[in-house]
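Structure, as structure tokens:
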Amino acid sequence: MEKLIIRLLIALVVVIILAVLAAGLFMDGIIKRGVETFGPKLTKVDIKLQSVSLSLLSGAGTIKGLLVGNPEGFKTPSAISVGEATLALKPGSLLSDKIVIKTINVQAPEITFENDLRQNNLSKILSNMRETTGAGGKELTKPQEPSQPKEPKPSRKLQVDEFVITGGRIHVSATGLVQGTATIPLPDIRLHDLGTGPDGNTPAELTELVLEEIEKQAAQAASGAVTDISKGAANAVKDLANPGSNTLENVTKGLGGFLKKK
């Protein structure tokens, strides 16, 4: 009898280990598909993710190759590009209603701030999210028919103790009447205690909070670059209008030399 019990316990341990390993193997694919499926519905732009690696035992994870596209009408190829981000979560919380993430560290993201003098691409993505979620971070759902009494299953909530973005760059692109580009550093962003209350944050609420801070910091940092681009364009126009200026002559000579080479 004792031998049978021991064998059953060993078999149970093996099954548990295999289950954990299988969950670890398939979890990465589930997260990737979730980001690429849920993200575009939320932001109304294309989102691609190269890979996700998450250890269910240690709680450590790595996200690589995140690319957030631009809304329709903007000319630059993407809004946000992240080469690598790391995270650390509490493994035990994966079985609860609220997943607790200790840290998320986004390293050296490339942010494109495209401004067409009416709005910028980041504010448009944020506007899309608010339209999708009703400005409250909760995804809108169609009202249920009387014959469908079932309540929608609540989404898993999130708590992020620390969200850090460091070493980023902003590629400023002015389009419209005034055109030009510039690259400036993105100030470090540190957010703390997101969703620490009993209710936590939905994925949509968390995404909106982070994107709102990125748009705010990028807009503040890019304002000087946009002003410089506008001043440069205004000075060029003044030079062209000035009879004593050789700006037009230089441009004509350069164009002539280019055509001769052809």
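Tabulated values for the structure
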{"read-out": "In region 34-59, residue farthest from the chain's Cα centre (by Cα) [restricted to those that are farther than 27 Å from R130 by Cα and hydroxyl-bearing (S, T, Y)]", "value": "S58"}
{"read-out": "Count - residues of region 44-62 that are closer than 19 Å to E208 by Cα, part of a strand (DSSP E or B) and open to solvent by 40 Å² or more (accessible area, probe 1.4 Å)", "value": "1"}
{"read-out": "From the options K41, K48, residue that is touching a helix residue (DSSP H, G or I) at 6+ places or on another chain (Cβ under 8 Å), modelled with pLDDT of 90 or more and closer than 18 Å to L206 by Cβ", "value": "K41"}
{"read-out": "Test: residue in region 113-127 that is part of a strand (DSSP E or B) and of a type outside the set (S, T, N, Q)", "value": "yes"}
{"read-out": "Considering residues of region 78-92 that are outside any strand (DSSP E or B) and in contact (Cβ under 8 Å) with a residue 12 or more places away in the chain only, the residue farthest from P187 (Cα to Cα)", "value": "P91"}
{"read-out": "Whichever residue in region 71-83 is over 11 Å from the mean Cα position of the chain (by Cα) and open to solvent by 20 Å² or more (accessible area, probe 1.4 Å) and, among such residues, is modelled with the highest pLDDT", "value": "G83"}
{"read-out": "All strands (runs of 3 or more DSSP E) inside region 157-254 with 3 or more residues being buried (at least 20 other Cβ atoms within 10 Å of the Cβ) and modelled with pLDDT of 60 or more", "value": "157-166, 169-174"}
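The values are calculated or read from the model by the stated rules, or taken from the named source; none is laboratory data. What you see is a predicted model, and the numbers here were worked out from it, not measured in a lab. Note that each Cβ is placed from the backbone with ideal geometry, even for glycine, and that neighbours are counted across all protein chains shown. Surface areas here come from the heavy atoms of the whole protein model, side chains and all, with no ligands, DNA or RNA. Shrake-Rupley method; radii C 1.70, N 1.55, O 1.52, S 1.80 Å.
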